[in-house]
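The values are calculated or read from the model by the stated rules, or taken from the named source; none is laboratory data. Every value quoted in this text rests on a predicted model; they were computed, and no experiment measured them. FYI the Cβ positions are ideal-geometry reconstructions off the backbone, even for glycines, and counts take in every protein chain you see.
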């Protein structure tokens, strides 16, 4: 019986940016801000590009609006990532070792802080803390599975 197959690999481009702020805490916080802030800005760029193509309308006003929205979303996502990275680093230093529990606690604290800053009620703060902890733990575990 004939047999066919395909073999190959798919890799993504890798860009490493190092910003030295003079302290590991600041380095990790700024690194998280830049990387995830860029993801947030790219998300908005993709959405706005789709909207312009879908409607068939591109104007100076729409481009300016898209750029402002990209900056706002990038800063928001980056700030959350920076807080998470800083909290996780602090927990790592307090506990004395690095494992998935640091990610869980960092995500929970970050979720609670972001929720509290957005003036959510107590039950939403708790819900967002649980969600943040779960997402961070899942990301940490998936990172270790792929390595």
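Listed values, structure above:
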{"read-out": "Any hit, region 16-29, residues being closer than 22 Å to residue 118 by Cα and modelled with pLDDT of 90 or more", "value": "yes"}
{"read-out": "Scope region 71-103; condition over 19 Å from residue 132 (Cβ atoms) and crowded, with 19+ Cβ neighbours inside 10 Å; matching residues", "value": "74"}
{"read-out": "Some residue of region 114-123 being at pLDDT 95 or above and within 26 Å of residue 21 (Cβ to Cβ)", "value": "no"}
{"read-out": "Qualifying residue in region 41-57 (condition: within 30 Å of residue 92 (Cβ to Cβ), surrounded by fewer than 16 Cβ atoms within 10 Å (Cβ to Cβ) and at pLDDT 90 or above)", "value": "yes"}
{"read-out": "Residue count, region 95-141 (criterion: in contact (Cβ under 8 Å) with a residue 40 or more places away in the chain and over 20 Å from residue 77 (Cβ atoms))", "value": "2"}
{"read-out": "Among the residues listed as 8, 78, the single one being touching a helix residue (DSSP H, G or I) at 6+ places or on another chain (Cβ under 7 Å) and either under 22 Å from residue 106 (Cα atoms) or modelled with pLDDT under 85 (or both)", "value": "78"}
